[in-house]
There are 2 protein chains.
Amino acid sequence: MAEQKKTRSVIKREAIITGALAAFQQYGVADSSMDKIAELAQVSKRTVYNHFESKEVLVAEIITSEWEKRTVVYDALYDANKDIKSQLTALVANEVELMCDSAMMELVRVAMAHFLFAPDTLQHQMAKMFEQETALQRWLKLAMADGKLKTLDVNFAHDQIKGLLKSRAFWPQLLRQQEPLTANEKTELVDMTVGMFLSYYQA
Amino acid sequence: MAEQKKTRSVIKREAIITGALAAFQQYGVADSSMDKIAELAQVSKRTVYNHFESKEVLVAEIITSEWEKRTVVYDALYDANKDIKSQLTALVANEVELMCDSAMMELVRVAMAHFLFAPDTLQHQMAKMFEQETALQRWLKLAMADGKLKTLDVNFAHDQIKGLLKSRAFWPQLLRQQEPLTANEKTELVDMTVGMFLSYYQA
DNA sequence: AATTTAAACTGCACTGTGTAGTTTACTTTA
DNA sequence: TAAAGTAAACTACACAGTGCAGTTTAAATT
């Protein structure tokens, strides 16, 4: 790794981002002043403005870059020789892990609160964050092409799976109405979801 | 109807609520100043404060009262003599109508943005808004007791149905990524949901 | 029908506070 | 020594909330 040669500028920048994220997660974007952010980052306010020309720029940059950092692509492609159920189970388990990740959840919370009433220009930015083909979608297409699933609308089916998962593993936690799922609850959720999906869709 | 005798006070109060709701829906709670609300309501700011002692009180009162107004109870109880599928279809169709309602959606948008980073005390208020047994839950219990459905965790099953519906009819619209569903799309969604649910749970 | 009364509303000036963003004079670091 | 950071004061503004003198409204009284 070439991580030793961090210039002071880079160090400060990272501190700002860390501090801003912490502030956003604790107070939300609207209630995080630039002074608070600078203080949390252990950096002078002027330095914040040297790195980010305005609060809006800082917010946008942090949210999108953190988002990209966290949407890593898990690419287990469809394998015609392996059994459908176990493949789907692995994929779905992966989706659950992604959506349960607490850093991810906090980021979504920040982004949602910030974008819900944002002007159109910012809404587009949010839209881009969401429209991103998942490994699950690719797999569904291939499995269907291979005749292992009933003919189906891939997007519809994908939303069904996501809906089944999120209603238990994501939304209640995002709204802080429910504790994060335990490992057991996760596997149960995955099994039930795959079971229900295949009971309807398996060819 | 005894609606003619509205005192001036009542008229003003209603104007304030209407104005505040309009402001909230357009700008969000945080960016709706009391001046803006008074202006939209065509009422002096002082009058707003005569009716609501602070902004927080105004927000809380409006959100909860509007919520209660909109969560009307549809009570179609389980009927052992009628066929399972048609009963469930009616109930699910009702749920979809409720969650698609644009006034409801706007209210949820306002409430979410407002409560997402609120202190614990306010979070409890939100929690109460959500924990409310639906006709669907009651029906599932009775249908299961009657042996028409496999033994199941009622809450889990309920969340599954809600998840299947919301991932297509609610969340994308809330985030303004998707237009509201057409009538056809709604019935298709209802049919697919009931179909999938029963394919797994019907005894 | 004219007058009185009390409650509610208005408009406006004013206080206090919090915040984005700027500026300045000084210090550190590569 | 030049670029980057620091600390603190400062500007300009928006907002929540208050106080008050004067006006409107509707109903009760004459």
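The values are calculated or read from the model by the stated rules, or taken from the named source; none is laboratory data. Since we're looking at a predicted model, the values are computed, not measured. A quick note on method: Cβ atoms are made from the backbone with ideal geometry, for glycine too, and the neighbour counts reach across all protein chains shown. The accessibility values were calculated without ligands, DNA or RNA, using every heavy atom of the protein model including side chains. Shrake-Rupley method; radii C 1.70, N 1.55, O 1.52, S 1.80 Å.
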Here are the criteria: (1) open to solvent by less than 80 Å² (accessible area, probe 1.4 Å); (2) part of a helix (DSSP H, G or I); (3) free of Cβ contacts under 8 Å to residues at least 60 places away in the same chain; (4) more than 20 Å from residue A:24 (Cβ to Cβ). Tell me which single one residue A:37 does not satisfy.
(4)
Residues (within 23 Å of residue A:120 (Cβ to Cβ) and either of a type in the set (Phe, Trp, Tyr) or open to solvent by 40 Å² or more (accessible area, probe 1.4 Å) (or both)) located in segment A:65-93
A:65, A:67, A:68
On the given criteria, is residue A:37 in contact with a strand residue (DSSP E or B) (Cβ under 8 Å, 6 or more places away or on another chain) and more than 14 Å from chain B (Cβ to nearest Cβ)?
no
For residue A:102, indicate whether it is surrounded by fewer than 16 Cβ atoms within 10 Å (Cβ to Cβ), within 13 Å of DNA strand C (Cβ to nearest atom) and either at pLDDT 90 or above or at negative phi (or both).
no
Within the set of pairs 6+ apart or on separate chains, which have a first residue in segment A:75-96 that is under 13 Å from residue A:193 (Cβ atoms), a second that is of a type outside the set (Phe, Trp, Tyr) and open to solvent by 50 Å² or more (accessible area, probe 1.4 Å), and C-beta atoms under 8 Å apart?
A:89/A:191; A:93/A:187
If we keep just the residues of segment B:40-53 that are open to solvent by less than 40 Å² (accessible area, probe 1.4 Å) and near DNA strand D (Cβ under 9 Å from one of its atoms), which is nearest to residue B:115 (Cα to Cα)?
B:52
If you check A:37, A:63, A:11, A:84, which single one turns out to be closer than 30 Å to residue A:167 by Cα and over 22 Å from the mean Cα position of the chain (by Cα)?
A:84
Working only within segment A:40-86, note down all residues that are basic (Lys, Arg) and more than 23 Å from residue B:28 (Cβ to Cβ).
A:45, A:46, A:69, A:70, A:82, A:85
Where residues in segment B:110-135 are open to solvent by 20 Å² or more (accessible area, probe 1.4 Å) and within 14 Å of the chain's Cα centre (by Cα), which of them is farthest from the other protein chains (Cβ to nearest Cβ)?
B:133
Being away from DNA strand D (no atom under 12 Å from the Cβ) and open to solvent by 90 Å² or more (accessible area, probe 1.4 Å) is the filter here, so list the residues in segment B:3-34 that pass it.
B:3, B:18, B:26
Lone qualifier among A:179, A:188 - being under 18 Å from residue B:197 (Cβ atoms) and more than 15 Å from the chain's Cα centre (by Cα):
A:188
When restricted to A:48, A:57, A:10, A:29, the only residue within 14 Å of chain B (Cβ to nearest Cβ) and either within 11 Å of DNA strand C (Cβ to nearest atom) or not hydrophobic (A, V, I, L, M, F, W, C) (or both) is A:29
Quick check: anything in segment B:177-188 over 28 Å from residue B:25 (Cβ atoms) and open to solvent by less than 40 Å² (accessible area, probe 1.4 Å)?
no
